[in-house]
């Protein structure tokens, strides 16, 4: 009587230690996923500020002028640019997830290609908004 052959050794996956994070090379799709979470948190945390600005700008013409003056500062424009990127990235990454769910695009190459498209479109839209914010057109 012969004994059955033992199955081949399975790969062992271990969690990386916190000290290994710096040298860990995250795939592009993983970076887009993390940025999707960060952009969602940034939008959520900035919601009270956005509601305050909207409320104050609608009170009177004088308060609208004061808000417009506040929004013309350089640092505030930089924050607005960051929030616009968060909005664009979160929206396009969400559409990427929907696309992958609908068309079963789960292969490595498809994920990488869609991650590149997500980053390119969100950064291009942010650049256009930045040009408008700086008064280039």
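Odds and ends about this structure:
- Scanning segment 28-43 turns up no residue that is assigned to a loop (DSSP other than H, G, I, E, B), on the phi < 0 side of the Ramachandran plot, out of contact with any strand residue (DSSP E or B) (no Cβ under 9 Å at 6 or more places or on another chain) and surrounded by 10 or more Cβ atoms within 10 Å (Cβ to Cβ).
- Test: residue in segment 75-89 that is part of a helix (DSSP H, G or I), at pLDDT 95 or above, over 23 Å from residue 135 (Cβ atoms) and out of contact with any strand residue (DSSP E or B) (no Cβ under 9 Å at 6 or more places or on another chain): yes
- Selection status of residue 98, modelled with pLDDT under 95 and either over 18 Å from residue 37 (Cβ atoms) or under 16 Å from the mean Cα position of the chain (by Cα) (or both): yes
- In segment 20-27 there is no residue that is modelled with pLDDT of 90 or more, farther than 27 Å from residue 131 by Cα and part of a helix (DSSP H, G or I).
- Flag for residue 68 being surrounded by fewer than 11 Cβ atoms within 10 Å (Cβ to Cβ) and at pLDDT below 95: yes
- Pairing residues of segment 1-17 that are at negative phi and assigned to a loop (DSSP other than H, G, I, E, B) with residues that are modelled with pLDDT of 75 or more and surrounded by fewer than 10 Cβ atoms within 10 Å (Cβ to Cβ), at Cβ distances under 7 Å and at least 6 apart in sequence or on separate chains, gives 16/24.
- The set of residues in segment 113-137 that are in contact with a helix residue (DSSP H, G or I) (Cβ under 9 Å, 6 or more places away or on another chain), surrounded by fewer than 14 Cβ atoms within 10 Å (Cβ to Cβ) and modelled with pLDDT under 95 comprises 134, 136, 137.
The values are calculated or read from the model by the stated rules, or taken from the named source; none is laboratory data. Note that the structure is a prediction, hence the values are computed from the model and not measured. Positions of Cβ are generated from backbone atoms using ideal geometry, with glycine treated the same way; all protein chains shown enter the neighbour counts.
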